[in-house]
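One structure is given below, encoded as structure tokens.
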Amino acid sequence: MTATAGWPLAAAVDLADLGPLPASISLGAGQSTGIHPLPGHDGWLAKLYHRPADTDAAACLDWLIRLPPSMPATDRARVVASTSWPVAALVDGGKTIGCVLPRAPAKFRAAMPPDGAERYLEIDWLARPEASFVRRGLTPPTWEQRLRVSHDLVSVAVLLGRYGLVYSDWSYSNAFYSPTDFSAYVIDLDGCGRHRMSNIFQPNWEDPHTPRGIPADATTDRYRVALLVARVLTGERATVHALHALADLPQPALTEILRDGLLATTAAQRPAAATLLAVLDGRPYLRMPVQRLPLPARPAVAPTRVPAAAPDVADPAPAPVVVDRPVHVGRWFAAVVFALLIVGLAVYLTSL
């Protein structure tokens, strides 16, 4: 039995039974070589790993696949609506070499500039100020719409935390949002670990309390979820700018809990995702004592408005051309004049 109704095959599928796979819809990044549509199974994708999963990773994937049927109905509904949860392991020669995932629904796609091609809307688009949307001819999201996306993201974080799962790689490219109902959809959950896992992150998502090489845990997820929500709500990409922009949020409780999550002096003091979700729901922030690092100074910001074209300016008058004449030129000129006078005098005397 699997997470999503409609998957017609078993929880483990031999790759040879699927036949030749179409071209990948992904360039291949992170742990995968590509993500391929499954022939004869619309709405399902085959994700192939760079190398076979080791024993622990394969066991964790199997556990993930079998987990949703044991969940309460509300959690199963969240799995289906907001995640690309794995439904089957792909095996080859007895080794787990990938998994089957549901394809994100079409509502998370839209025609996007500059070419108007339809693509999935990564959360990256929301980490921009209103002016950035206007310049691209797009309608800026409202505060309520940003809240809705954040609510779905944190709901997935709460779901994972309830079952001791660590995601680690919370970032722009691992979640989509819908421009119609502003729901969110988190992908790549097949890489989750139980309680601890590799510290996976993209540039500008470093956790100051989980240095590179240190395994990620629940507190690492708390930091990166808080950072993602801060960027979505403020429209600021740089962490320091987002931290300052949090002061402008219309809900002061959100300012406090997000700054606690990002500036706590110890990882253990970071508020849980469930607490953040309650504040997003409009409940009061029942704050435990949290010691924060000082708010970093906000660097100078260059104006973001860029003129469409440079203003017309009349060409300046050309500068006068100055020729540096040598001193001997004047002497040469006088000698020529004197010679002409002598010749003229000689001609005159001859004619007498």
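Residues that are open to solvent by less than 50 Å² (accessible area, probe 1.4 Å): find the strands (runs of 3 or more DSSP E) completely inside the range 85-180 holding 3 or more of those.
Details: elements: 88-92, 95-102, 109-112, 117-120, 175-177.
The strands (runs of 3 or more DSSP E) meeting that bar are 88-92, 95-102, 175-177.
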Using beta carbons and a limit of 8 Å, which pairs, at least six apart or on different chains, have the first residue in the range 1-29 and modelled with pLDDT of 90 or more and the second one open to solvent by 70 Å² or more (accessible area, probe 1.4 Å) and part of a loop (DSSP other than H, G, I, E, B)? A11/M1
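Going by the conditions given, is V232 open to solvent by less than 10 Å² (accessible area, probe 1.4 Å), part of a helix (DSSP H, G or I) and farther than 22 Å from V290 by Cα? If you could, list the steps in order and put the result at the bottom.
Values: open to solvent by less than 10 Å² (accessible area, probe 1.4 Å): yes; part of a helix (DSSP H, G or I): yes; farther than 22 Å from V290 by Cα: yes.
Taking the combined requirement at face value, the residue satisfies it.
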Here the qualifying pairs (Cβ atoms under 7 Å; residues six or more apart or on different chains; first in the range 256-284 and over 11 Å from H209 (Cβ atoms); second in a helix (DSSP H, G or I) and of a type in the set (D, E)) come out as P271/D260
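Is it true that L121 is touching a strand residue (DSSP E or B) at 6+ places or on another chain (Cβ under 8 Å) and touching a residue at least 60 places away in the same chain (Cβ under 8 Å)? Walk me through it before giving the result.
Working: touching a strand residue (DSSP E or B) at 6+ places or on another chain (Cβ under 8 Å): yes; touching a residue at least 60 places away in the same chain (Cβ under 8 Å): no.
Here the answer is no, as L121 does not meet what is asked.
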Near pairs, Cβ below 8 angstrom, 6+ apart or cross-chain, from the range 195-208 (outside any loop (DSSP other than H, G, I, E, B)) to any residue that is surrounded by fewer than 15 Cβ atoms within 10 Å (Cβ to Cβ): M197/P215
Answer yes or no: is there a residue in the range 91-104 that is under 22 Å from R148 (Cβ atoms) and acidic (D, E). no
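Looking at A81, is it more than 14 Å from A12 (Cβ to Cβ), assigned to a helix (DSSP H, G or I) and open to solvent by 20 Å² or more (accessible area, probe 1.4 Å)? Before the answer, list the steps.
Numbers: more than 14 Å from A12 (Cβ to Cβ): yes; assigned to a helix (DSSP H, G or I): yes; open to solvent by 20 Å² or more (accessible area, probe 1.4 Å): yes.
In short, yes.
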Going through the range 204-229 in order, the residues found to be under 17 Å from V156 (Cα atoms) and open to solvent by less than 60 Å² (accessible area, probe 1.4 Å) are D217, A218, T219, T220, D221, Y223, R224, V225, A226, L227, L228, V229
Going by what's in this entry, would R128 be described as free of Cβ contacts under 8 Å to residues at least 24 places away in the same chain and within 21 Å of V232 (Cα to Cα)? no
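The values are calculated or read from the model by the stated rules, or taken from the named source; none is laboratory data. Because the structure is a prediction, the values reported are computed rather than measured. Virtual Cβ from ideal backbone geometry, glycine too; neighbours counted across all protein chains shown. With ligands, DNA and RNA removed, areas are computed over all heavy atoms of the protein, side chains included. Shrake-Rupley method; radii C 1.70, N 1.55, O 1.52, S 1.80 Å.
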